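Asker: This structure is in structure tokens; I'll ask about it shortly.
Where a number appears in this text, it was derived from the coordinates with a stated rule and is not lab data. Just so it is clear, the model here is predicted, and its values are computed rather than measured. Cβ sites come from the backbone with ideal geometry, for glycine too, and all protein chains shown count toward neighbours.
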Amino acid sequence: MYPLKANDYSDEEKIGLISDHFKEIMSILWLDLENDSLKKTPDRVGKMFVKEIFKWLKKENKPEISTFDNSFKYNEMIIVKDIKLFSFCEHHFLPFVWTACVWYIPNWKVVWLSKISRIVDHFSRKPQIQERLTEEIYNELRNVLNTENIMIIIKAVHYCMIIRWVEDINAQTITSRVWWTFQENDKTRNEFMNLIKI
Ligand SMILES: [Zn+2]
């Protein structure tokens, strides 16, 4: 469950408040807010938080995903890979850049492939931890597609690790959510691993 606690502020009010508070943070850090280059930074940060990098915090921004009947009775793997996105580590508010691979075998419902990317994207632009992100995508796909036959792998590079202490720009974190019978099915698992080359 994503930890949200809603308030009644409009977007414009949120931008104004964030901008005021960010001004204070900058002053505390001794930055000169009269400087031409810094003057508008608080406003920019406010707009960026509300309209861009955390825009999926608003529930009403959730995309409508329509499904259609699997009338051609396709029951092999469908894989959408290399979906590249970013989120923000909720512990440090620094970005993590990630790539998702989604696998599923349709039941009686299918979606346009581009919609898979939209579902994945919807969980990206907000403060996140990679483990919850993986679970959220899995649960949403399970609801939309009406099947348990889903697998997700997320590979991420966390800038809070790189910048703060590891200093290894190649460090990657991998999380996955696997359909339970998939774990016992060597043939399907090998086929999948070959296709995505992970
Ligand atoms: Zn972090």
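Asker: So for the chain, averaging the separation of alpha carbon pairs under 8 Å that are six or more residues apart and normalising by length, what relative contact order in percent results?
Answerer: Numbers: 283 pairs, mean separation 34.7, N = 198.
Computed value for the chain: 18 percent relative contact order.
Asker: Going by amide H atoms built from the backbone, whose H comes under 5 Å of the H on L38, apart from near neighbours?
Answerer: Sorted by chain and number, the residues that satisfy this come to none at all.
Asker: Between 0 and 90 degrees, rounded to the nearest ten: what's the tilt of helix 186-196 against the longest Cα principal axis of the chain?
Answerer: That works out to roughly 50 degrees.
Asker: I would also like to ask the following. Please report the net charge: other residues with Cβ closer than 11 Å to the Cβ of L145, K and R +1, D and E -1.
Answerer: Net of charged neighbours comes to +1.
Asker: Give me E191, E12 ranked fewest to most by other Cβ atoms within 10 Å of their Cβ, as a rough exposure proxy.
Answerer: E12, E191
Asker: Here's another thing I want to ask about it. Near L85, within a Cβ-to-Cβ distance under 9 Å, what is the net charge of the other residues, with Lys and Arg +1 and Asp and Glu -1?
Answerer: My count for the surroundings of L85 gives +1.
Asker: Given points 7 Å out from each Cα along the Cα-Cβ axis, report the D36 to K55 separation in nanometres with one decimal.
Answerer: With each label point 7 Å from Cα toward Cβ, the separation is 3.1 nm.
Asker: Per residue of the chain, what 222 nm ellipticity follows from adding -39500 (n - 2.57) for every DSSP H run with n ≥ 4, rounded to the nearest 500?
Answerer: Calculated at 222 nm, the ellipticity per residue is -10000 deg cm²/dmol.
Asker: Pull up all non-local amide H partners of N107: gap of 5 or more, or a different chain, and H-to-H distance under 5 Å with H placed in the peptide plane.
Answerer: Hits under the 5 Å cutoff: none.
Asker: To continue, here is another question. Any chance you could run the full-extension gain for S10 through T99? It's 0.36 nm times the residue separation minus the Cα-Cα distance, nm to one decimal.
Answerer: On the way: separation 89, 0.36 × 89 = 32.04 nm, distance 3.23 nm.
Stretched fully, the S10-T99 segment lengthens by 28.8 nm.
Asker: Once both labels are modelled 7 Å past Cα along the beta-carbon direction, what's the R132-M193 spacing in nm?
Answerer: 3.2 nm
Asker: Would you mind pulling out the separation of the Cα centroids of segment 78-107 and segment 142-157, in Å?
Answerer: Taking the Cα centre of each part, segment 78-107 and segment 142-157 sit 10 Å apart.
Asker: Going by how many other Cβ atoms sit within 10 Å of their own, how do D82, D20 line up, fewest first?
Answerer: Sorted ascending by nearby Cβ count, the order is D82, D20.
Asker: Is there a quick way to get the dipole size of the chain? I mean about its Cα centre, with the Cβ of Lys and Arg at +1 and of Asp and Glu at -1; what is the value in debye to the nearest 20?
Answerer: It works out to roughly 440 debye.
Asker: Give me the extension gain from H91 to I162: residue separation times 0.36 nm, minus the current Cα-Cα distance, reported in nm with one decimal.
Answerer: 24.1 nm
Asker: Can you sort S176, S19, S10 so the residue with the fewest Cβ neighbours within 10 Å comes first?
Answerer: So the residues, fewest neighbours to most, are S10, S176, S19.
Asker: Separation between the N70 and S176 pseudo-spin-labels, each 7 Å from Cα along Cα→Cβ, expressed in nm?
Answerer: Between N70 and S176, the simple spin-label model gives 2.1 nm.
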